[in-house]
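Since the structure comes first, as structure tokens, the remarks are kept for the end.
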Amino acid sequence: MEEKLIVRDYFNTTGFDRWKRIYGDEAVNRIQHSIRVGHGRTVERVLEWLGEVEGQTVCDAGCGMGSLSIPLAQRGARVLGTDISERMVQEACKRRKQQLDTNVNPSFEVLELERITGTYDIVVCLDVLIHYPLPQVEKMLAHLSDRATAHLVLTYAPKTALFTLLKGIGQLFPGASKTTRAYQHRSTDIEAILSRLGWKIARRAAIDDKFYFARLVMTER
Ligand SMILES: C[S@@+](CC[C@H](N)C(=O)[O-])C[C@H]1O[C@@H](n2cnc3c(N)ncnc32)[C@H](O)[C@@H]1O
């Protein structure tokens, strides 16, 4: 089956339940807790890097349950969050209502990132590229690049020995959720793609916890 369909199925079924726990506040196992902590740090860092976003347009591609879209809207950005998974989008809408008491901003849409149209000051894509091999990542980044005027902000899973080991022994995707693969990417490959697309790296960070490994990059023209 095509990678994208596998990913969509996963985030509409077992993956949805798993990530709802991770992106929630109920008790979870130590692996999920570590991913929750790492992901929380990524979101915090993006908010810090973007700073004043009042009035800016942001597209959160692969927005999941709105972990970044909601705080950005709270800070005055006009946010569109899109996700390939219907259930993730439903949950994002639920959290928007609970946290912001509105149905308007952020707006959420079930839409794969390759079909996003229009342009935005900032395009963000957090913890999505891990699900795709490099040739597909290149196509996705090309599409997102055309949507962004000022900044592209993204994470990818780095090729590190520890991550490779954990992945190899199935720690990161235990049980039925093994149906998605975790692809690691070399920083040189990702940065070369961004450079070919005409971007400079403005900021980069390594955000690692015991079971969460992300390289966060923000570009500028
Ligand atoms: C690990 S979650 C991260 C969610 C969110 N970005 C965050 O950091 O909270 C990955 C998300 O990417 C979405 N996704 C995967 N492939 C996608 C695609 N091709 N287009 C849009 N969303 C996609 C999944 O459905 C899932 O919600």
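The values are calculated or read from the model by the stated rules, or taken from the named source; none is laboratory data. All figures in this text were calculated on a predicted structure; none of them were measured in a lab. Virtual Cβ from ideal backbone geometry, glycine too; neighbours counted across all protein chains shown.
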If the Cβ limit is 7 Å and pairs must be 6+ apart or interchain, which residue in the range 153-176 that is within 30 Å of D121 (Cβ to Cβ) pairs with which residue that is at pLDDT below 70?
A157/F163
Taking the range 1-36 and keeping residues over 29 Å from K139 (Cβ atoms) and surrounded by fewer than 14 Cβ atoms within 10 Å (Cβ to Cβ) leaves D17, D25, E26, A27, N29, R30
Search the range 111-147 for residues being part of a strand (DSSP E or B) and near the ligand (Cβ under 9 Å from one of its atoms), and hand back the single one that is surrounded by the most Cβ atoms within 10 Å (Cβ to Cβ).
V124
Scan the helices (runs of 4 or more DSSP H) fully inside the range 1-101 and keep the ones with 2 or more residues being among the charged types (D, E, K, R) and either within 20 Å of R215 (Cβ to Cβ) or in contact (Cβ under 8 Å) with a residue 60 or more places away in the chain (or both).
3-12, 14-22, 30-50, 86-100
Given the conditions (1) surrounded by fewer than 23 Cβ atoms within 10 Å (Cβ to Cβ); (2) within 12 Å of the ligand (Cβ to nearest atom); (3) small (G, A, S); (4) within 26 Å of E2 (Cβ to Cβ), which single one is not true for G62?
(1)
Of everything in the range 91-108, what is on the phi < 0 side of the Ramachandran plot and exposed (fewer than 15 other Cβ atoms within 10 Å of the Cβ)? Give them in sequence order.
K94, K97, Q98, Q99, T102, N103, V104
